[in-house]
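Data first, discussion second: the structure below is written as structure tokens.
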Amino acid sequence: MTPIAGGVALSLAFGFGLLAVLTLLFYNKYQDQRLFLVGQRLALGVSFFIFLATFILSYQLIISNFDVDYVARYTSIETPTIYKISALWAGQSGSLLFWLFILSIFSTITILQNQHKHHELMPWVIISLTVTQIFFLILTNYVTNPFQPTEADFIVANGNGLNPLLQNITMAIHPPTLYLGYVGFSVPFAFAFSALVNRDTSPLWIQSIRRWTLVAWLFLSMGIILGGWWAYQELGWGGYWAWDPVENASFMPWLTATAFIHSIIIQEKKDMLRLWNMALIILTFTLCIFGTFLTRSGVMSSVHSFTESSLGPIFLFFVFFIMIVSFGIMYTRLDVLKSPRKIESFTSRESGFLFNNMVFVVLCFAVFWGTLFPVISEAVRGTKITVGAPFFNQINTPIGLILLALTGIGPLLAWRRTGSKSLIRNFTFPLVMCVIAVILFFLVGFKGYVVVSFSLCVFVTSAIMTEFYKGIRARKNKFNESLHLALMKIVSKNRSRYGGYIVHLGIVLMFIGFTGHAFDREKEFSLQVGQVDHVAGYEFELLKLTESERPNHYAWISELKVTDHQGTFITNLYPEKRVYFHRNPDINRRQPHSELDIYSTLNKDIYSIFSSIDNDNKTAFLKIMVNPLVRWVWVGGYILVFGTLIALWPRKEK
Amino acid sequence: MKNNKFTLLILGVVAVTGFWISWVSLNPSDEKAMATFVSVNELINNKINKRIKLGGLVKDGSIVISETNQLECNFVLKEGSSELYVKYGRTRPDLFKDGAEVIVAGQYNNGIFYADELQTKCASRYEGDLRNESSYNLTEVLQ
């Protein structure tokens, strides 16, 4: 009975959505306040029914009602409750409903928050949000309905179960985090779109979406970092980023969103770049939908035999629909989008921001190019050429380094123009540090991009330090405060600025981690107990091979002693080879899994994988990787989150 | 300052980027940066000497692991009705087994495909095996 209620709720949501949009369009024509109120409430109704549908599906998952196809497919009776809930976003139809659920939360908050604000804008804001809901409602109602009953002529006693390898807490929170980011951008987009329709160019709406944009950006960033972290800890290929289409799908909107966060500062402060900002937020939202399309349609990873899905064409239609409508309206509003002021000088912060923006967009395009390269090459030359990580690294490394440099240069420039005196004053310290760094790194024996990257990290860090120092000194001189107090004061008085600098610092740390990749070493070898092999100056001795039977798997554990080239003991590593469901009579249902062991320090990670075991000869086949500086990426991630939170922290109302 | 200087600059950036991206696309630094994706049929019918990528299913019962070196294995890759003999000598992904969907990259020589890359359909996609949309692998079924 209840699954049917879920289906009905989805249909009702769809109907309410159409009605809401119609009513609001009528309101725009007749300007009758009652129509607006009705439209608003209908839109709230859409969200209500989506909430209802989501709760019904979650409930079905929790009580394991295998009459629902989705429940049977992704859970089983044994699945722990938390993963029964996370199964909500494990499969295609559920994750689309989950998308809708988050969008509905955001939409409800937006409507309630702005009941007495932005009267001109709200009708179109609600229309944009509702149209997006309608699109996903079409998918969940008619293409891939999560409440579809099990198509079997027998009673399903137990479901398929969730892949045990995905029953991992990071994997349970990574997709929703990413989704919160993706979906979050629909609110700034809705405001921008509405402003466009209304020819509203006041900086007012920009202020009210800044916070939304930052929240969405924060979630998107965390989602991306968590995904990398999970891949590194669990997947066992020793990396955290592979330029996989699905990764790129989340990275592209992140890039344009980052550009947007920077350039709205200029519109807020200087009322410039109106057109550019509009284009950026439209692009970001489109890329979010496109990202969901890449992830969910299987188009990119579906090389020949992989999952084909009927979602693709509909998604592509929606992507083009958003782009054509938004850019079309933008074209008819070009006159109001002309900014009254122009950038005055190259050496101004405005031009720094403009540069940073262009490079972000260029980087986004490069990623887009690589992601779609197989499709493009097939269309143009008739052969499908796939590109791998080395291609992306080659294209993006210089672009990324230019961005890193701009992170340091931008804040040192003054608004409007920087006089030559202050130019020298601001740049002397960071540049001197940078030059010293270049010389030192060359002397150490580093080459090429490594020197450039590390030196730029020094440059940017010095530049950020200079900014903090200037702020603190000014307060100390003026108010005679202690260093600690002055630091607290400058940050709390100007949260977005100093929060931003802290984010930059996080990015610098991440770049240090990325650069470490240049020194990665790996080796595959076999060892019998007592034998020794060497990787990157470390000695690995296989001390023991043990076996153990555990509740849902069987494990072979190799105990490795790691010493450095002087014979100093470093650590013991215990990588495992496991077989899940080892008691299952069907050998194909048994699931091998390599449980890694990582010894991690700020300096380097020693990453061990137990690839396979030869039981007759008591031989372990191992893959060892020595990955320098990986931990800096995660530390940088924490700092990035911390900085964003500072920038977001609301001021006390006075 | 004149605005057209900025326009020129933007055009400059666009031109440099366009040049850079097309240059890398035509001259990849690493041989593993690019691979032509072909079907098993195309490969068998036209001898292709460059690095290629193929996708398909592992034929049931075809995986043979070397007695002397566990890392070395060979198997038969099936795509539709075409089959290809593949040799691979590195760490195998956990999801590699009979019937798994895999992508291999490497060189073809005299009827044998020497793979240096073997990917299974990535579990991180967080999705059950939907190769056949209508099939459940239900562990227990009551009639």
Subject >> Added length on full extension, which subtracts the Cα-Cα distance from 0.36 nm per residue, residue A:117 to residue A:531 >> reply: 141.7 nm
Original post:
Using the count of nearby Cβ atoms within 10 Å as a rough guide to exposure, how do A:311, A:602 rank from fewest to most?
Top reply: A:602, A:311
Original post:
Going down the table (A:384/B:78; A:447/B:32; A:29/A:117; A:342/A:478), which pairs top 24 Å between alpha carbons?
Top reply: A:342/A:478
Original post:
To the nearest whole number, what is the average tally of beta carbon atoms from other chains within 10 Å of the beta carbons of peptide A:67-76?
Top reply: 2
Subject >> Long-range amide H partners of residue A:159 with built H, under 5 Å >> reply: A:77
Original post:
So which trypsin sites (Lys or Arg not before Pro) in region B:1-79 end up in coil per DSSP with only 14 or fewer other C-beta atoms within 10 Å?
Top reply: B:2, B:47, B:50
Original post:
Relative contact order, percent, of chain A when contacts are C-alpha pairs under 8 Å separated by at least 6 residues?
Top reply: 9
**OP:** Pick out, in residue order, every one of the chymotrypsin sites (Phe, Trp or Tyr not before Pro) in region A:551-654 that is DSSP loop and has at most 12 other C-beta atoms within 10 Å; say none if there are none.
**Re:** none
**OP:** Read phi for every residue in region A:567-581 and hand back ³J(HN,Hα) as whole Hz from Karplus 6.51 cos²θ - 1.76 cosθ + 1.60, θ = phi - 60°, with x for Gly and Pro.
**Re:** x, 6, 5, 9, 6, 10, 10, 10, x, 10, 10, 10, 10, 7, 6
**OP:** Mind checking region A:166-241 for chymotrypsin sites (Phe, Trp or Tyr not before Pro) that DSSP puts in a loop (not H, G, I, E or B) and that have at most 12 other Cβ atoms within 10 Å?
**Re:** none
Subject >> Mean ellipticity per residue at 222 nm, deg cm²/dmol - from DSSP H runs of n ≥ 4 across the protein assembly as shown, formula -39500 (n - 2.57) >> reply: -19000 deg cm²/dmol
**OP:** Order by neighbour count: A:625, A:465, A:358, fewest other Cβ atoms within 10 Å first, most last.
**Re:** A:465, A:358, A:625
Subject >> region A:96-127 and region B:39-110: distance between their alpha carbon centers, rounded to Å >> reply: 51
Original post:
What list of ³J(HN,Hα) couplings, whole Hz, do you get for region B:40-51 from phi and the Karplus terms 6.51, -1.76, 1.60, once you set θ to phi - 60° and write x for glycine and proline?
Top reply: 4, 4, 4, 5, 5, 7, 10, 6, 10, 9, 7, 5
Original post:
What's the exposure ranking of B:73, A:364, A:288, going from fewest to most Cβ atoms within 10 Å?
Top reply: B:73, A:364, A:288
Subject >> Sequence-separation-based contact order of region B:35-125, relative, with Cα cut under 8 Å and 6+ spacing, percent >> reply: 28
Subject >> Charge-dipole axis of the protein assembly as shown as Lys and Arg at +1 and Asp and Glu at -1 on Cβ define it, positive-most pick from A:424, A:556, A:171 >> reply: A:424
**OP:** Calculate, in whole percent, how much of the Cα-Cα pair population of region A:503-654 lies beyond 24 Å.
**Re:** 49
Original post:
Where nothing but the Cβ of Lys and Arg (+1) and of Asp and Glu (-1) is charged, how large is the charge dipole of chain A around its Cα centre, in debye to the nearest 20?
Top reply: 3420
Original post:
Where the centre of each part is set by its Cα atoms, how far does region A:440-475 sit from region A:597-654, in angstrom?
Top reply: 24
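Coordinate-derived values only; no laboratory data. Note that the structure is predicted; figures quoted are calculated from it, not measured. Cβ coordinates were reconstructed from backbone atoms using ideal geometry, including for glycine residues, and neighbour counts include every protein chain displayed.
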